[in-house]
Structures are given as C-alpha cells and as structure tokens.
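Everything below concerns the one structure shown next.
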Amino acid sequence: MIATLAFYLFAGILLVSAAMVVSARNPVHAVLFLILSFFNAAALFLLAGAEFLAMILVIVYVGAVAVLFLFVVMMLDINFTQLREGFQRYLPVGATIGVVLLAELVIVFGGWRIAPGSDAHRFAPIDVAVENTRQIGNILYTDYILLFQASGLILLVAMIGAIVLTLRDRKTSLHQVVSKQVARMPADTLVMVDVIRGAGVPADHYLRPKVAPVAAPEAAHDSHGHGGHH
Amino acid sequence: MVDLALNFLFNTQLGFLILTVLKAFAILVPLLMMVAYLTYVERKVLGAIQLRKGPNVVGPFGLFQPFADAIKMLMKETVIPSGANKVLFLLAPMLTFSLAMLAWAVIPVNDGWAIADINVGVLYLFAISSLGVYGIIIAGWASNSRYPFLGAMRSAAQMVSYEVSMGFVMVTVLVCVGSLNLNDIVMAQSKLWFCIPLFPMAVIFFISTLAETNRSPFDLPEGESEIVAGFFLEYSSMSFGLFFLGEYANMILMSSMTTILFLGGWLGPFGLWPALGPIWFILKVCMVLFTFIWVRGTFPRYRYDQLMRLGWKVFLPFSLFYLVLVAGVLMAFGWLPHVA
C-alpha cells in the first residue's frame, strides 16, 4: 500500500513538474522543475526495483549535467517574450513527436500487458535473482562490449572537439608553469643582509629584492601629496 | 504487551513506518548534537592552534556556547532582500540542510545498523552529495546579488570538479570489495583497512571531501576576503543557521564516508573489542573531523586556478592511473573479489 501511495506521489509530482518545465515563465524555474522531474523519475525507477539506474540518473543528470545546464541558463540574458514567439510555430512539430513517443510507449508496455508471452522475445531477459547492478554490468561489459567501447570513443571525440573549439593560441593566452613557481626559492629573488645590532638600519641593510623595482614616476602624483583625491 | 507492540512495529506496514521514523530520530538527534558540539570543538581547536582560549564564557569551559548561538540565531530577524526570489531564497538553506540529513539513511554505524541497508549504498551517498551543490547555486542566484552569485559559480565548478576524482576513488574501493553495499565495504576491511593498500587514494579522497564541503583551504565559495561571504552573504538568522548546520552535518557525513571507505568503519584496529562497534566508528569520525579543523588552522586558502589545477590535472589523472593499477594488480594476482 505504501509503495502504491509513493508511486502516485512521485508520478504526480513528476507530471506536474514536467508540465511546469515547458510552461514556466522564468527559464531558471524551468530548469529547476526539470531537475525536480529527473529526481522523481529516479524515485520511480527505485520503486520499480531499478536502484542502479535511479542512482545513476541522479548522479549523472541531476548532479552533473543539470548543474551545468542551470548555470548556462542563469548566466544567459534571455529575452523571454522572444522565446515565447516560437511556441506557436513549433507546436505542431512538438505535438507530433510527443504523439509518436506516446504511441511507442503504449505499444511497448501494452505488449507486456496484453501478451505476457512476448517477454521471452526481449533482447535481454531479466533474471530476477541477480541484483540489477550486476545484470547491467554483465550486459554492457560482456554482450555489448564493442558497442560500449565505441560509444565511449564517440564521446571522447566529442570531448576533444569541444576542447579544440575553445582552445586559444598559446602566444596570446597567459600560462603559468607550476613547477617553476614551486621551485622558486627566496634566495633567487631576495638577498639577506646582516644588520649590526645598535648601529641602526642603513637603507640597503635588510631583506630586499635583488632587482630594484622601477620607481613610479613622481610626476604622476598631484601636488597635494599622498592624501587621496586620485 | 511488549510482544504486541514489537509485533505491531515489525510486522505491519504502519508499524514499519513508525519504526523507520523512530530510527531516523535515533540517528538525527545524536547527529544534531554532534553538529552543535562540532562548532564548539572547531572554535576550541582553532583557538588552541592560534594560542587563544576559544569560547569559555557560556557555561563551564564554554560548553553551552552552541545553545547560546542557536538561541541567538532563532531570535534574529529573517531578512529577505527586496530583489530576491523569495521562494527559492528560503528553499535553498532548507535544501542544503535536508540533503545533509538525508544521506544518513544509509550510513552503517555498526554491523547492520543502518536505517536502509541498500544494495547501492555508495551510489546513494554519491548521488546525495552531488545534489548538495544545488542549495548553493540556488542561494547564489535567488539572492539576486553579485557576490553570492560569484560564490555560487565558484562552488559549482569546484564541487563538480572534485566529484570526478572522488568517483574514481570510490570505484577503486569498489573494485577491491566487489559490492556497492556499505556494510560489505566495511566487512571487506576486516583483515586490512583500505587506507593501507590504497593510501594515496585515501589522501585524495580526504582532500576531495574538503573541496566538496567547501572547507578551508578550498573555501573559495565563501572566501570572506574576496567575495565577503560568498553564497550566503544575504542570509540572516535561521536561514543562515541552516546553511551553517548543513555544512557541519556534511563535514560529519564526509568524515563517516572516509571512515567507511578507508578506515574500516566500526571495526576496531587489529580486531580489538568488536563489541564497541559504534564507539570505534564515532572515534574514527572524530579523528577525521579533527583533521578537517587542523587543516583549516594550518593551510592558507587556495587560489582558484590552483584549485582547478589540483582537481583536474593532478587528482583526476592520478586517481585514474591508480584505479587501473589496482584493477591490474587484482587481476594479475587473482585477488579480484569472488563473483557470486
């Protein structure tokens, strides 16, 4: 009974927040509703016994992808009214895609409902006794290892592409060599001068930079001294 | 009568709900007490490091200081900036605090002493800790102010970066254990704690937890000398208090994660006094927490580019290398955990 109640709770929040994603006026609110709907979808996965998928959904989509998404949306200065204008134009296309997806889902799930025998024809029949983390591992890393690796390579290429696109040339951009910074010792830049006790400190008798800094031109100061008004 | 009550608690659905709530209280009340006294200990330890006395006025040795602070925070006025997004502004601290509490559902304090002993415990912890960034981003954005937004940006970049190497560290531990269950992870260390064979990973994990909880020397999101107080600049009274409590609860959570993954959880050193499980656990957590404070008292704050460099150019390649090394060693010597 509790599981049923929980299902309706999560499913209800999921549907409402999914509707809010497309209808919210503020894009930041829309992204936050998207995150909420991801989260509720994860809860539904959990209720269906797919705990691994639920956690991965939260870690990958909510914890990483949506954070970057939220950032982009927060920092962009979006013209909301202009964004709304396209709504009428894209409505037919969006509705068609929605209907197609709905029909496919009905066919898939309806198939299980109407003809339970069709379960046997699935690509990867589920063995209930084995926990699903292990099952996914078995399928991904034994049956479909080549495809898995290939998708990894495609992602790598995409990543390299993104880096190449944003890489500026090395001449104009500033770089720091950390090993140089770490290896820099006080003795490289400073000289220690012995001071005789009681003899006062002559101007050149203290720890000072080896190369004297270029003095600021006096002419830059105004005639009122250093009292401010700059 | 007692039998009847026990039967009700363990064998009916309503009883199960009540039992879970009771269990939650059993872990949250001590946790909040620990949070309260962690703030006290932090000020005392920092005081000792800086040759000061720390809080010593309220109660004996200043022991009632946390309660005085709590009352002060509750009595103050909650100021909401006029340009702020009210709902999100108030939601952010609640989110931070409740996420810090939520993760405790799976932490085993002793053999099987967890509210939910789930198969994917490690992933659950990782998922909840990766959600922690939202409280900060939402706070930064909803404040509608420059410094909080800068703090939120820093925090998001920092937490996402360090999560990556933290993930690899966890995978290395999981390769050694062969299970995602936190109970199994601790039991796998009954012979040898993972901090010995995986010492570099334990260090990386600890440093990553510092970055993940926005603690010094990685406390750039709140860097008071540059961006005033960062993401919680606009917060006052209890809405600030919730951020504060959330940060300390997260510190305790991360310390217990370190304890479970590397320090053998509730297992005593060399199998000493197994009956003292929870005591061992708390002692180890306190030790890690002390290191948190010690680090804060010792190291200057990182510069932002140094922080990013450490995360992406040092920790990520090294943890990836060590993961491959560990997997290779386990494979070569046939030490891979038995596959059921």
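The values are calculated or read from the model by the stated rules, or taken from the named source; none is laboratory data. Everything numeric in this text was worked out from a predicted model, so none of it was measured. Reconstructed Cβ throughout: ideal geometry from the backbone, glycine too, with neighbour counts over all protein chains shown.
Filtering region A:130-182 down to residues that are closer than 30 Å to B:ASN181 by Cα and in a loop (DSSP other than H, G, I, E, B), which residue is farthest from the other protein chains (Cβ to nearest Cβ)?
A:TYR144
Residues of region B:115-131 being within 7 Å of chain A (Cβ to nearest Cβ) and either at positive phi or of a type in the set (A, V, I, L, M, F, W, C) (or both), which ones?
First pass over region B:115-131, keeping only residues within 7 Å of chain A (Cβ to nearest Cβ): B:118-120, B:123-124, B:126-127, B:130-131.
Residues satisfying the conditions are B:ILE118, B:VAL120, B:LEU123, B:PHE126, B:ALA127, B:LEU131.
Could we say that B:PRO200 is farther than 24 Å from A:ILE59 by Cα, modelled with pLDDT of 90 or more and surrounded by fewer than 21 Cβ atoms within 10 Å (Cβ to Cβ) here? Full working, then the answer.
Values: farther than 24 Å from A:ILE59 by Cα: yes; modelled with pLDDT of 90 or more: yes; surrounded by fewer than 21 Cβ atoms within 10 Å (Cβ to Cβ): yes.
Yes, satisfied.
Please determine whether any residue of region A:209-219 is assigned to a helix (DSSP H, G or I) and at pLDDT below 70. Spell out the reasoning first.
The initial filter retains those residues of region A:209-219 that are assigned to a helix (DSSP H, G or I), namely A:218-219.
From what is left, the residues that are at pLDDT below 70 are A:218-219.
Taking every residue of region A:209-219 in turn, at least one turns out to be assigned to a helix (DSSP H, G or I) and at pLDDT below 70.
Working carefully through the options B:TRP312, B:TRP294, find the one that is in contact (Cβ under 8 Å) with a residue 24 or more places away in the chain, within 14 Å of chain A (Cβ to nearest Cβ) and either among the charged types (D, E, K, R) or exposed (fewer than 15 other Cβ atoms within 10 Å of the Cβ) (or both).
Working: B:TRP294 fails: within 14 Å of chain A (Cβ to nearest Cβ).
After applying the criteria, what remains is B:TRP312.
Can you pull out every residue in region A:44-56 that is in contact (Cβ under 8 Å) with a residue 60 or more places away in the chain and within 7 Å of another protein chain (Cβ to nearest Cβ)?
Kept after step one, since they are in contact (Cβ under 8 Å) with a residue 60 or more places away in the chain, are these residues of region A:44-56: A:49-53.
Result: A:GLU51, A:PHE52.
Kindly list, by first and then second residue, each pair from a residue in region B:273-291 that is in contact (Cβ under 8 Å) with a residue 40 or more places away in the chain to a residue that is among the charged types (D, E, K, R), limited to pairs with Cβ atoms under 8 Å and residues at least 6 apart or on different chains.
B:GLY277/B:ASP111
Assess whether B:ALA116 counts as being within 19 Å of the chain's Cα centre (by Cα), part of a helix (DSSP H, G or I) and within 26 Å of B:VAL173 (Cβ to Cβ). Walk me through it before giving the result.
Details: within 19 Å of the chain's Cα centre (by Cα): yes; part of a helix (DSSP H, G or I): no; within 26 Å of B:VAL173 (Cβ to Cβ): yes.
When the stated conditions are applied, B:ALA116 does not pass them.
Select from region A:25-64 the residues that are out of contact with any helix residue (DSSP H, G or I) (no Cβ under 8 Å at 6 or more places or on another chain) and within 16 Å of B:SER129 (Cα to Cα) and list them in ascending order.
Selection gives A:VAL60 alone.
Among the residues of region B:1-23, what is the count of those that are exposed (fewer than 15 other Cβ atoms within 10 Å of the Cβ) and either of a type outside the set (Val, Ile, Thr) or touching a strand residue (DSSP E or B) at 6+ places or on another chain (Cβ under 6 Å) (or both)? Before the answer, list the steps.
Step one: filter region B:1-23 for residues exposed (fewer than 15 other Cβ atoms within 10 Å of the Cβ), giving B:1-8, B:10-14, B:16-18, B:20-22.
Narrowing the set further to residues that are either of a type outside the set (Val, Ile, Thr) or touching a strand residue (DSSP E or B) at 6+ places or on another chain (Cβ under 6 Å) (or both) leaves B:1, B:3-8, B:10-11, B:13-14, B:16-17, B:22.
Of the residues in that region, 14 qualify.
Taking the options A:GLY98, A:GLY63, A:GLY86, A:GLY110, name whichever one is assigned to a helix (DSSP H, G or I), small (Gly, Ala, Ser) and loosely packed, with under 10 Cβ neighbours inside 10 Å. Before the answer, list the steps.
Numbers: A:GLY98 fails: loosely packed, with under 10 Cβ neighbours inside 10 Å; A:GLY63 fails: loosely packed, with under 10 Cβ neighbours inside 10 Å; A:GLY110 fails: loosely packed, with under 10 Cβ neighbours inside 10 Å.
Going through A:GLY98, A:GLY63, A:GLY86, A:GLY110 in turn, the sole match is A:GLY86.
Of (1) within 14 Å of chain A (Cβ to nearest Cβ); (2) under 30 Å from B:ARG52 (Cβ atoms); (3) not in a helix (DSSP H, G or I), B:ARG301 satisfies all except one. Which?
Failed condition: (1).
Filter region B:132-152 down to the residues that are facing chain A (nearest Cβ under 9 Å) and aromatic (Phe, Trp, Tyr), then identify the one that is farthest from B:PHE205 (Cα to Cα).
B:TRP141
In the set A:ILE2, A:ILE59, A:ILE114, A:ILE35, which member is away from every other protein chain (no Cβ under 14 Å) and of a type in the set (Val, Ile, Thr)?
Sole residue among the options that is away from every other protein chain (no Cβ under 14 Å) and of a type in the set (Val, Ile, Thr): A:ILE114.
If you check B:ALA100, B:ALA92, which single one turns out to be away from chain A (no Cβ under 14 Å), hydrophobic (A, V, I, L, M, F, W, C) and closer than 30 Å to A:PRO27 by Cα? Walk me through it before giving the result.
On the way: B:ALA92 fails: away from chain A (no Cβ under 14 Å).
On inspection, the qualifying residue turns out to be B:ALA100.
Which one of these does B:TRP104 not meet: (1) assigned to a loop (DSSP other than H, G, I, E, B); (2) closer than 30 Å to B:ALA275 by Cα?
All conditions are met except number (1).
For the structure I just gave you, tell me whether B:LEU276 is at pLDDT 85 or above and in a helix (DSSP H, G or I). First the steps, then the outcome.
Details: at pLDDT 85 or above: no; in a helix (DSSP H, G or I): yes.
No: the conditions fail for B:LEU276.
Starting from residues that are farther than 17 Å from A:LEU68 by Cβ and among the aromatic types (Phe, Trp, Tyr), keep the ones in region B:106-157 and report whichever is surrounded by the fewest Cβ atoms within 10 Å (Cβ to Cβ).
B:TRP113
Which numbered condition trips up B:VAL171, out of (1) within 14 Å of chain A (Cβ to nearest Cβ); (2) farther than 13 Å from B:ILE260 by Cβ; (3) surrounded by 22 or more Cβ atoms within 10 Å (Cβ to Cβ); (4) of a type outside the set (Gly, Ala, Ser)?
Going through (1) within 14 Å of chain A (Cβ to nearest Cβ); (2) farther than 13 Å from B:ILE260 by Cβ; (3) surrounded by 22 or more Cβ atoms within 10 Å (Cβ to Cβ); (4) of a type outside the set (Gly, Ala, Ser) one by one, B:VAL171 breaks only (3).
Do we find a residue being touching a residue at least 24 places away in the same chain (Cβ under 8 Å), of a type outside the set (A, V, I, L, M) and closer than 30 Å to B:GLY140 by Cβ anywhere in region A:15-26?
Start the filter on region A:15-26 by keeping residues that are touching a residue at least 24 places away in the same chain (Cβ under 8 Å), which leaves A:25-26.
With of a type outside the set (A, V, I, L, M) added as a condition, the list becomes A:25-26.
Filter once more, so that each one left must be closer than 30 Å to B:GLY140 by Cβ: A:25-26.
Yes, there is a match, as at least one residue in region A:15-26 is touching a residue at least 24 places away in the same chain (Cβ under 8 Å), of a type outside the set (A, V, I, L, M) and closer than 30 Å to B:GLY140 by Cβ.
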